[in-house]
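What follows is calculated from the coordinates using simple rules that are stated; it is not laboratory data. Since the structure is predicted, the reported quantities are computational estimates derived from the model, not experimental observations. With ideal geometry, Cβ positions are generated from the backbone for all residues, glycine too; neighbour counts draw on all protein chains shown.
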Amino acid sequence: MVLFLLLPLATMTLSVSPKLLYTTLLEEEVWRAILLSVSSGLWATFFGLLFGVPLAYVLARHRFPGKRIVNGLVDLPVVIPHTAAGIALLSVFGRKFYGGKLFGLLGINFVGAEPGIVIAMMFGSVPFLVNAARDGFMAVDPRMEQVAQSLGASPWKTFLTITLPLARRNILTGAMLMWSRGISEFGAVFILVYHPMVAPVLAWNRFETYGLDYARPVAVLLLIMCILVFLTLKTLGMGKPAPRSRADTP
């Protein structure tokens, strides 16, 4: 199994010389695609933090009807084929559909534009952030929040000064995983946007048009980006899941 995982990555990486990688990186089409992947991934992660962290806190702290269904929905994008996810997003945010028309009134278009890349990345990668943040919140003893509120702190202040700082390690881990997963998104971005090209779509386009040798350097550059994120997580000791508390998790 180790050889199965290692050999394709090692073979692809070692087959490209550093000089060719550098030359490829200097191509305007390539570095623009990489920058677009990075920036769109950051925007997707920002919106994931903005809306996903509150959801994670609710799932970690509160009982409500349908909680199991919501937990399942959070994980659902991970198992949906990426092209199916792209078609689903297009059915809502396409120019002829209600979501696309609504945002079109605000001057925001998703088809063939960077906002489409952002929502495609966010759809497929936000479960990593929500799940990591939920585990982080569950690891915080609820009694600490109760004591703070009994001493006069508001729920909002308690969240900002106690719960959020204690869970920040998991949230940061989830954010980095979401970003790295987002920049590798292909199927949904391909269906919804295609142009402008992100790095995975560019690699596919070059493979389809010119063959393996022309596509391989772009794929290696994308692989190096993902490995750097992985090594950063390991170096900072963020790879370990947070221990679960005794909080109820139905």
Practice problem: Identify the residue in the stretch 62-78 that is closer than 13 Å to VAL126 by Cα and β-branched (Val, Ile, Thr) and, among all such residues, is surrounded by the most Cβ atoms within 10 Å (Cβ to Cβ). | Solution: VAL74
Quiz item: Of all the residues that make up the stretch 188-215, how many are outside any loop (DSSP other than H, G, I, E, B) and surrounded by fewer than 20 Cβ atoms within 10 Å (Cβ to Cβ)?
Solution: 11
Exercise. Please name all residue pairs, on different chains or six or more residues apart, with Cβ atoms under 9 Å, provided the first residue is in the stretch 63-81 and is without any contact (Cβ under 8 Å) to a residue 60 or more places away in the chain and under 18 Å from ALA133 (Cβ atoms) and the second residue is charged (D, E, K, R) and part of a helix (DSSP H, G or I).
Key: ASN71/ARG134; VAL74/ARG134
Self-check item: Answer residue from the stretch 79-112, given it is within 24 Å of LEU177 (Cα to Cα) and among the small types (Gly, Ala, Ser) and is surrounded by the fewest Cβ atoms within 10 Å (Cβ to Cβ) among those
Solution: ALA84
Exercise. Return the pairs, sorted by first residue and then second, in which the second residue is not in a helix (DSSP H, G or I), the first residue lies in the stretch 217-236 and is among the small types (Gly, Ala, Ser), the beta carbons are less than 9 Å apart, and the residues are 6+ apart or on different chains.
Key: ALA219/VAL16
